[in-house]
There are 2 protein chains.
Amino acid sequence: MIFNGEFSSGERMSELPLVALLGVSRTPLRLALAQLEHEGLLRGLAGGGYVVREFTQGDVRDAIELRGVLEGTAARFIAERGAPARDLAGLRATNQTIEVLAHRDDYESFERYLHLNEAFHAQLMKMARSPLLARALEGIASLPFAGPSAFILAEAQLPASRDILIIAHRHHADLIDAIERREGARAESLAREHARLALSNLEIVVEHRDVLQRMPGASLISLPDAAPPAPAPDPA
Amino acid sequence: MIFNGEFSSGERMSELPLVALLGVSRTPLRLALAQLEHEGLLRGLAGGGYVVREFTQGDVRDAIELRGVLEGTAARFIAERGAPARDLAGLRATNQTIEVLAHRDDYESFERYLHLNEAFHAQLMKMARSPLLARALEGIASLPFAGPSAFILAEAQLPASRDILIIAHRHHADLIDAIERREGARAESLAREHARLALSNLEIVVEHRDVLQRMPGASLISLPDAAPPAPAPDPA
DNA sequence: GCGGAGCTTCCTGCATGCAAGACGTACGTA
DNA sequence: TACGTACGTCTTGCATGCAGGAAGCTCCGC
């Protein structure tokens, strides 16, 4: 519900209205609120209570960069510590289907692409065999716009970002190659650069507010320049 | 209490005994248990309830490596995005005192060293100006043996690791230098290597079980080779 | 003697009542 | 008119009672 924009940023999450809204008692509600605070979507107040957290564009950029850092570490771990050939073959198979889907235009292909992209990243994290790393990544990728597939549905609607799907596929392929050759530094670097594709998408999306507003979690992002109609109002 | 070893690894944390032990009701206890699960010290069971989580030596190594990755990212952020000269001077001042304390032997100096080391790392993270990065690091550094000063009290008792204090001071100095010169890659690399000092300490400490057992959180670590008296029992 | 089913018992999760504290407001005074 | 104080209300946090469910044990049947 928070992601869907049913609560605005900075809004106080009082317990009693939520009890009336959700139909549950206060006890499980408090647990849920505490969990949302741990996930970073709510912020605890000093005198008790929670408010919906607000994310700046800088927060989103940091989250994307951090996802790249953590996924890069996962890639490096796999390269340094080795991976079964079977797992690498699985990654390649997934990526081959991704390549096919990246060249299609229909909505169903995008949905399949989204699913396979998630699977690729999840498989990679599983191969790293580091529960702590997986936990740290979950704490980052669950934030709005920070997940590996956050912008894919937007890409379906914006031809300007369609090419990014092609580049993403190449990143995946090179990443598999680097891991197989045990080139840890290259694997880490590639994974970071791969995540930075989302930065490009973020730039594109903030220029198309209509698409951005339809994305989940968009209501949590506070954009500094809230004047889309004015082209370049130089105050000087 | 978990860190002090009052609960053994894998022990089930039932609510009613804890209520009798702590003197609080079940409602705040449940919140505390949920928070400990988020912090990674407890693990939730499928049918409900929690058990004390067990950490392998590999978990500890991963946690230390991840701390290096995140602190390295913080150092890179500072180098790339710039830092006020005042903050850099503060780091230098802290590190100068650290150098003096690193050459002393008394226990009070070690305590001051520990405090200043924590302050140095906290100051660095503050300079990165990234709440998400700080949160991710907290989730890692709060685990047993993963914090930046986890082994310092052990170093006070083991001359074998005394030299590490000297090396740590040099790492700090080089890190400040790299940040000032805006050398992001070097800063990141140095911070990673700095964290890996803890890996050396871990190796030293596992050879001295008596020191290890006195460290907080030691009871949560499961060591695979639980046979310290046997020198090298080759089964062949 | 072994396996399965039923029962008992304990444990977790939820709903609700109560008290303490904080915030806002209104009134009185300087 | 502005500031301080006191009161009222709202909100959160805690304690407790109750119900659902799962695990363990025992007894019966094969």
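What follows is calculated from the coordinates using simple rules that are stated; it is not laboratory data. Just so it is clear, the model here is predicted, and its values are computed rather than measured. So basically every Cβ, Gly included, is an ideal-geometry build from the backbone, and we count neighbours across all protein chains shown.
Out of B:His171, B:His194, B:His38, any idea which swings most in a Gaussian network model of chain B, alpha carbons joined below 10 Å?
B:His38
Based solely on its DSSP helices, what 222 nm [θ] is calculated for chain B when runs of n ≥ 4 H residues each add -39,500 (n - 2.57) and the sum is averaged over all residues, nearest 500 deg cm²/dmol? Present the calculation step by step, with values, prior to reporting the outcome.
Numbers: 11 runs with 150 residues, N = 236.
When only DSSP H runs of four or more count, the value is -20500 deg cm²/dmol.
Within chain A, which whole H helices from DSSP have a Cα span along their axis of at least 30 Å and a mean Kyte-Doolittle hydropathy of -1.0 or more, if any? Let's see the in-between values first.
Details: long enough: A:57-81 (36 Å, -0.24); A:107-128 (32 Å, -0.43).
Going by DSSP H runs, the hits are A:57-81, A:107-128.
What residue among B:Leu137, B:Leu16, B:Leu223 shows peak mean-square fluctuation when chain B is described by a Gaussian network model with Cα springs under 10 Å?
Most flexible of the set in this elastic network: B:Leu16.
Which whole-number percent gives the relative contact order of chain A, counting Cα pairs below 8 Å spaced six or more residues apart? Write down the numbers at each step before the final one.
On the way: 283 pairs, mean separation 72.7, N = 236.
In percent, rounded to a whole number, it is 31.
Calculate the mean, over all residues of peptide A:74-80, of how many other protein chain Cβ atoms lie within 10 angstrom of the residue's Cβ. Walk me through the intermediate numbers first.
Working: counts 0, 0, 2, 3, 0, 0, 0.
Taking the mean over all residues of the peptide, I get 1.
Which of rounded, prolate, oblate describes the range B:89-185, given a ≥ b ≥ c as roots of the alpha-carbon gyration tensor eigenvalues and a/c under 1.5 marking rounded, otherwise prolate only if a/b is larger than b/c?
oblate
By counting other Cβ atoms within 10 Å of each Cβ, how are B:Val211, A:Val206, B:Val60 ranked from fewest to most?
Values: B:Val211 20, A:Val206 16, B:Val60 23.
Listed from fewest to most nearby Cβ atoms, that is A:Val206, B:Val211, B:Val60.
Which whole number gives the average, over all residues in A:63-71, of C-beta atoms from other chains lying within 10 Å of the residue C-beta? The partial results should precede the final answer.
Working: counts 4, 0, 6, 8, 1, 1, 8, 5, 0.
So the per-residue partner count for this stretch is 4.
Order of B:Met125, B:Met1 from fewest to most other C-beta atoms within 10 Å?
Values: B:Met125 22, B:Met1 9.
Exposure proxy ranking, most exposed first: B:Met1, B:Met125.
Could you compute the FRET efficiency for A:Arg104 and B:Arg104, with r as their C-beta to C-beta distance and R0 at 51 Å, rounded to 0.05? Could the numbers behind the result be given before it?
Details: r = 69 Å, r/R0 = 1.34.
Calculated value: 0.15.
Among A:Arg186, A:Arg67, A:Arg76, B:Arg181, rank each residue by its count of other Cβ atoms within 10 Å, from fewest to most, as a rough exposure measure.
Numbers: A:Arg186 18, A:Arg67 26, A:Arg76 23, B:Arg181 11.
Exposure proxy ranking, most exposed first: B:Arg181, A:Arg186, A:Arg76, A:Arg67.
Choose one answer from A:Arg43, A:Arg104, A:Arg86: the residue with the largest mean-square fluctuation in a GNM of chain A with alpha-carbon springs under 10 Å.
In this elastic network of chain A, the residue with the biggest mean-square fluctuation among A:Arg43, A:Arg104, A:Arg86 is A:Arg86.
Could you work out, residue by residue across A:166-173, how many beta carbons of other chains sit within 10 Å of that residue's beta carbon, and then give the average as an integer? Mind showing how you got there, number by number?
Values: counts 0, 0, 0, 0, 0, 0, 0, 0.
Mean number of neighbouring Cβ atoms from other chains: 0.
Among DSSP beta bridges lying fully in the protein assembly as shown, give the percent that are antiparallel, nearest 5.
Numbers: 10 of 14 bridges.
So the antiparallel bridges amount to about 70 percent of the total.
In percent, what relative contact order does the range B:1-133 have, based on Cα pairs under 8 Å that are 6 or more apart in sequence? Mind showing how you got there, number by number?
Values: 85 pairs, mean separation 26.4, N = 133.
Value for the range B:1-133: 20 percent.
Once you order the gyration tensor axes a ≥ b ≥ c over the Cα atoms, which shape class does the range B:14-126 get: rounded for a/c under 1.5, otherwise prolate or oblate by comparing a/b with b/c? Show your work: numbers first, answer last.
Values: a/c = 2.51, a/b = 1.94, b/c = 1.29.
Verdict is prolate for the range B:14-126.
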